[in-house]
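Novice: Structure in structure tokens, see below.
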Amino acid sequence: MNQKQQIIEPTETIHLTSPSWGPAVLAFGILGLVAGTFATGFMLPAWTYAAAGLLFAIGGLRSMTRKGKRAFYGLPRETSDARAELPLESFTAPRHDR
């Protein structure tokens, strides 16, 4: 393989966030809010389910935003100016066959 066609190191990488319980807690909180709306007279007063659901929803949302913000600011900020230019040998002239 000649020098022009060597593959250089990648200039962009994919960074995934760490696993989180936030979405599940948020869904459970929304379930509590919905149950607080429709569960009148079931074991506890309806506002109890709604209040617990609101606390869970706020906690799950807060957890997700904190992890997302931490992951965003943990990304590298400096990037090199490496360009992936194709060699001229790979291009062909357009043909006008009509």
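Any read-out appearing in this document is the output of simple, stated calculations on the displayed coordinates, not a laboratory observation. Predicted, not measured: the structure shown is a model, and the values here were computed from it. Positions of Cβ are generated from backbone atoms using ideal geometry, with glycine treated the same way; all protein chains shown enter the neighbour counts.
Novice: Does R70 fit the bill of being loosely packed, with under 13 Cβ neighbours inside 10 Å, out of contact with any Pro (no Cβ under 7 Å at 6 or more places or on another chain) and part of a helix (DSSP H, G or I)? Talk me through it step by step, then tell me what you get.
Specialist: Working: loosely packed, with under 13 Cβ neighbours inside 10 Å: yes; out of contact with any Pro (no Cβ under 7 Å at 6 or more places or on another chain): yes; part of a helix (DSSP H, G or I): yes.
Against the criterion (loosely packed, with under 13 Cβ neighbours inside 10 Å, out of contact with any Pro (no Cβ under 7 Å at 6 or more places or on another chain) and part of a helix (DSSP H, G or I)), R70 qualifies.
Novice: Given the structure, is A24 in a helix (DSSP H, G or I), among the aliphatic types (A, V, I, L, M) and touching a helix residue (DSSP H, G or I) at 6+ places or on another chain (Cβ under 6 Å)?
Specialist: On the way: in a helix (DSSP H, G or I): yes; among the aliphatic types (A, V, I, L, M): yes; touching a helix residue (DSSP H, G or I) at 6+ places or on another chain (Cβ under 6 Å): no.
Spelling it out, it is not the case that A24 is in a helix (DSSP H, G or I), among the aliphatic types (A, V, I, L, M) and touching a helix residue (DSSP H, G or I) at 6+ places or on another chain (Cβ under 6 Å).
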